[in-house]
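What follows is one structure encoded as structure tokens, with my remarks underneath.
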Amino acid sequence: MSYTPKQVLFGAAYYHEYQPTPRLKQDFDEMKAAGFSVIRIGESVWSTWEPEDGVFDLEWITPVLDAAAEYGIGVILGTPTYAIPPWLQRRYPELNVEIATGRPFGWGMRQEIDVTHAAFRFHVERVVRKILERHASHEAIIGFQVDNEPGAWVIHNHDAFERFRDRLRKKYGTVETLNETWGLTYWSHRLTDWSDLWRPDSNFLPQYDLAWRLFQADLLTEYMAWQTAIVDEYAGDRFVMTCMSYTRPTIRDDAIGQMMTVTAGNPYFKAQDALTLPDSEIKPQTWWTQGTWGLYHSADWMYGTRHEPFLVTEVGAGSIGFSSMNHPAYPGQRRQSAWALISRGAQMIEYWHWHTLHFGPETYWGGVLPHSEKPGRTYREIAALGSELQELGDRIVGLTPDAHVGLLYDHASKWAFEKFGPLAGPGGWPIDDSYSPLVEAFERGAFDAGLQTRLFHTSAILDFDPAVIAAEIPVFVATAYYVADDAVLAWLRDYAAAGGHLIVGPRTGYADLEARARLEVAPGGLADVAGAWYDEYTNVEAPVPVVAVAGSWLELPDDAAAVEWIEAYEATDATVLARYDHPHHGSYAAVTTKELGSGRVTTVGALPNPPFAQGLFAWAGEIGSARPWRPAAGSVRVHSAVNEAGERLHVVQNWSWTPASVELPFAAADLHSGDALEAGAALSLGAWDVRVVVTPG
């Protein structure tokens, strides 16, 4: 089941219960004037729904639902289960999540709970059923949200650990099998009984660590499936979703997405100068992204959850974050970000939130209305966007974004690289996350080269015919795919043989599904078809220049370099395209390529800096079947998608204060005005501007 609205839903999370003054009618007047078609309510206030154990107040929200129906604004009703009431904390202190064995998180935040606990489940089911029995049939409700941003903590509570031990016993059968599989002879860790298994807090065995993290993801997935099944009983033909923060430590978006009607997520991003193009900086990515490419990466991730259009449940209206994180969008950037997300498949843009709070830890997380509650610049810009999207109707929903580069994503490898990754921090110890930099460098390189990406999870990749993907997506990247399944490696080989261009990045194929290093030369399962291999690797402490081999097809900028990591590739029958400019590393290949069937396999043995990655994808994009529109102006990007009527929308954006003009490479029509535009016509863009042109699909 999937969900496609008649037009892009537009609105904000709305919390009338937080307002310091009664202004329900005024709020709805202003929301309607701003083009709002949806609000999200109810998900944060369990203690309001159930102020005492078994005592329910279910009517406080009725005026909001009735007003929404009167104004023709749809409602997404959320379950309040991620923020438990004080009386429940007091009655059942054992519900508090332990973030280490015997170390409760404490109370006073949110999501401080062991979601596996039977007492928690009892109270969750009771409050959810009470709310839905009373309100699920209300005419204003168009959908339901289950919980909120799940997966905040790795659960170390006693019952969770015992479940983990039981899981190992059922999977491996005997301790001897576990001993052999995990290599527990090492450091005298062999078990004689299942009770010998130590707690995970001080564990330093990679096989144990990976099993523990995969188990934690399954705990969360089971909890979300359990609560979703309750909501499904009341949903009828309305959609059911949860809003995902994709960087949460135990979330598997691919697993949770499959139980929902539609994907929904929160792609927060840093605005102002962080969105300027061109951009040469490498900025850290956390729960908010930095850099224009990061905004698109978030959208690709959401689309990749189900390979369907998605809902944006939270994005910044004003400043996002806490009192020291104040970067309200420049004029035009809110419109730009909305169009960026829509071009990648978003069919709802919802801001967090309607009015800026006057209390609490998120006092300075800016809403559509400021603390004064008087509409200002933010409101005016959002209202103008609401009117624009409303006028375009169904031409911008159900979009299928074009894709030139596929990107493999693997949760197991990500978790394996959080504690035992190859990238070094201070003192040589692994950084907290080696996986994301090794993936993001390639995603950013494709973006900088003007190519569009689509994310594929390893859990679902075998559902796709590699020949079909090779015909549709000319380049496919497998990087940091460390915990590698032989079946997936075979799929990658088949993709290349069928005509695709496979790019193999660092650490791909190095270990098996237990995170054990393979006995074969690297890259495991791919070295023969790559025509290149390595068995030595280096953490480099300074950038090492990378230069294209004279006469090769590849062209690289002068500042192309390997950073942090190098694999010493030797070519057997591959062509070497680039080497390192270094007295030692120069003996090895930085980039190799070899034909395979009607396609090719290219290896990249380093973490590329942005110029290196951009040069790589500028070359890879040219040898593929697609020829995307890549304007010469460094601040302009074009992203395209096909709507349900078969029209191709080209979203042209100028990410800069400096106005730009680009030449249309084809005849098109202006989406907004319908005016015909000839091939070769100049398309003018102001500062932080968006133009959308349409061609037949």
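Which is touching a Leu at 6+ places or on another chain (Cβ under 6 Å) and in a helix (DSSP H, G or I), of VAL488, VAL477, VAL529? After applying the criteria, what remains is VAL529. Here ARG377 passes the criteria (1) modelled with pLDDT under 95; (2) more than 26 Å from the chain's Cα centre (by Cα) except the one numbered (1). For the range 24-67, filtered to residues that are exposed (fewer than 13 other Cβ atoms within 10 Å of the Cβ) and among the polar types (S, T, N, Q), the residue that is nearest to LEU369 (Cα to Cα) is GLN26.
Filtering the range 262-277 to residues that are among the aliphatic types (A, V, I, L, M) and not in a loop (DSSP other than H, G, I, E, B) leaves ALA264, ALA274, LEU275. Could you tell me whether the range 322-337 includes any residue that is within 21 Å of LEU455 (Cα to Cα) and touching a strand residue (DSSP E or B) at 6+ places or on another chain (Cβ under 9 Å)? Within the range 322-337, one or more residues are within 21 Å of LEU455 (Cα to Cα) and touching a strand residue (DSSP E or B) at 6+ places or on another chain (Cβ under 9 Å).
Here is a yes/no grid of residues against (1) assigned to a loop (DSSP other than H, G, I, E, B); (2) among the charged types (D, E, K, R); (3) out of contact with any Leu (no Cβ under 8 Å at 6 or more places or on another chain):
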{"site": "GLY367", "(1), (2), (3)": "yes, no, no"}
{"site": "SER372", "(1), (2), (3)": "yes, no, yes"}
{"site": "GLU381", "(1), (2), (3)": "no, yes, yes"}
{"site": "ALA384", "(1), (2), (3)": "no, no, yes"}
{"site": "GLY393", "(1), (2), (3)": "no, no, yes"}
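Would you mind stating whether PHE456 is of a type in the set (Phe, Trp, Tyr), assigned by TED's automatic domain parsing to the domain that holds GLN614, in contact with a strand residue (DSSP E or B) (Cβ under 9 Å, 6 or more places away or on another chain) and outside any helix (DSSP H, G or I)? Here the answer is yes, as PHE456 does meet what is asked. Whether any residue in the range 304-312 is modelled with pLDDT of 95 or more, assigned to a loop (DSSP other than H, G, I, E, B) and over 15 Å from the mean Cα position of the chain (by Cα) is what I want to check. No, because not a single residue in the range 304-312 is modelled with pLDDT of 95 or more, assigned to a loop (DSSP other than H, G, I, E, B) and over 15 Å from the mean Cα position of the chain (by Cα). Selection of the range 118-152 for residues being surrounded by fewer than 20 Cβ atoms within 10 Å (Cβ to Cβ) and in a loop (DSSP other than H, G, I, E, B) yields ALA136, SER137, HIS138, GLU139. Of the residues screened, GLY634 is one that is surrounded by fewer than 18 Cβ atoms within 10 Å (Cβ to Cβ) and under 24 Å from ALA441 (Cα atoms). Would you mind stating whether SER387 is hydroxyl-bearing (Ser, Thr, Tyr), out of contact with any Phe, Trp or Tyr (no Cβ under 8 Å at 6 or more places or on another chain) and outside the structural domain of TYR351 (by TED's automatic domain parsing)? Criteria not met by SER387. If the condition is being over 17 Å from PHE442 (Cα atoms) and touching a strand residue (DSSP E or B) at 6+ places or on another chain (Cβ under 7 Å), then the range 399-418 contributes LEU399, THR400, PRO401, ASP402, ALA412, ALA416.
Picking from residues in the range 459-474 that are among the charged types (D, E, K, R) and assigned to a helix (DSSP H, G or I), the one that is farthest from THR305 (Cα to Cα) is GLU472. Of all residues in the range 367-381, those that are without any contact (Cβ under 8 Å) to a residue 40 or more places away in the chain have Cβ atoms under 7 Å from Cβ atoms of residues that are not hydroxyl-bearing (Ser, Thr, Tyr), 6 or more apart or on another chain, in HIS371/HIS358; GLY376/PRO370. Within the range 182-202, residues that are hydroxyl-bearing (Ser, Thr, Tyr) reach partners that are buried (at least 16 other Cβ atoms within 10 Å of the Cβ) with beta carbons closer than 8 Å, at six or more positions or on different chains, in the pairs THR185/ASN179; TYR186/LEU205; THR192/VAL175.
Just wondering, is there one or more residues in the range 356-370 that are crowded, with 24+ Cβ neighbours inside 10 Å, within 21 Å of VAL638 (Cβ to Cβ) and either in contact with an Asp or Glu (Cβ under 9 Å, 6 or more places away or on another chain) or in the same structural domain as GLN26 (by TED's automatic domain parsing) (or both)? There is no residue in the range 356-370 that is crowded, with 24+ Cβ neighbours inside 10 Å, within 21 Å of VAL638 (Cβ to Cβ) and either in contact with an Asp or Glu (Cβ under 9 Å, 6 or more places away or on another chain) or in the same structural domain as GLN26 (by TED's automatic domain parsing) (or both). Please determine, by comparing only the residues of the range 248-288 that are β-branched (Val, Ile, Thr) and at pLDDT below 95, which one is nearest to HIS138 (Cα to Cα). This residue is THR286. Quick check on my filter: what residues within the range 491-526 are assigned to a loop (DSSP other than H, G, I, E, B), hydrophobic (A, V, I, L, M, F, W, C) and within 21 Å of TYR569 (Cα to Cα)? Residues satisfying the conditions are LEU519, VAL521, LEU526. Among the residues of the range 563-604, those that are under 21 Å from GLY524 (Cβ atoms), part of a loop (DSSP other than H, G, I, E, B) and not aromatic (Phe, Trp, Tyr) comprise ALA568, THR572, ASP573, ALA574, GLY597. Counting only helices (runs of 4 or more DSSP H) that sit completely within the range 3-111, those holding 3 or more residues that are over 32 Å from the mean Cα position of the chain (by Cα), at pLDDT 95 or above and of a type outside the set (Ser, Thr, Tyr) correspond to 24-33, 62-71, 86-91.
Consider the range 627-680 and keep the residues that are within 19 Å of GLY332 (Cα to Cα) and modelled with pLDDT under 95. The one that is farthest from the chain's Cα centre (by Cα) is ALA633. Has the range 275-282 got any residue that is buried (at least 24 other Cβ atoms within 10 Å of the Cβ), farther than 30 Å from ILE113 by Cα and either within 18 Å of the chain's Cα centre (by Cα) or assigned by TED's automatic domain parsing to the domain that holds SER137 (or both)? The answer is yes, given that some residue of the range 275-282 is buried (at least 24 other Cβ atoms within 10 Å of the Cβ), farther than 30 Å from ILE113 by Cα and either within 18 Å of the chain's Cα centre (by Cα) or assigned by TED's automatic domain parsing to the domain that holds SER137 (or both). Report yes if some residue within the range 645-655 is in contact with a Leu (Cβ under 9 Å, 6 or more places away or on another chain), free of Cβ contacts under 8 Å to residues at least 40 places away in the same chain and either more than 27 Å from HIS501 (Cβ to Cβ) or outside the structural domain of ASP494 (by TED's automatic domain parsing) (or both); otherwise report no. So far as the range 645-655 goes, yes, one or more of its residues are in contact with a Leu (Cβ under 9 Å, 6 or more places away or on another chain), free of Cβ contacts under 8 Å to residues at least 40 places away in the same chain and either more than 27 Å from HIS501 (Cβ to Cβ) or outside the structural domain of ASP494 (by TED's automatic domain parsing) (or both).
Among the residues of the range 87-106, is any closer than 25 Å to GLY367 by Cβ and free of Cβ contacts under 8 Å to residues at least 60 places away in the same chain? There is no residue in the range 87-106 that is closer than 25 Å to GLY367 by Cβ and free of Cβ contacts under 8 Å to residues at least 60 places away in the same chain. When GLY406, GLY450 are checked against the criterion of being part of a strand (DSSP E or B), in contact with a Lys or Arg (Cβ under 7 Å, 6 or more places away or on another chain) and not hydroxyl-bearing (Ser, Thr, Tyr), GLY406 stands alone in meeting it. For the range 608-627, does any single residue satisfy the condition of being assigned to a strand (DSSP E or B) and touching a strand residue (DSSP E or B) at 6+ places or on another chain (Cβ under 9 Å)? Scanning the range 608-627 turns up at least one residue that is assigned to a strand (DSSP E or B) and touching a strand residue (DSSP E or B) at 6+ places or on another chain (Cβ under 9 Å).
The values are calculated or read from the model by the stated rules, or taken from the named source; none is laboratory data. All of these numbers come straight from a predicted model, not from anything done at the bench. Reconstructed Cβ throughout: ideal geometry from the backbone, glycine too, with neighbour counts over all protein chains shown.
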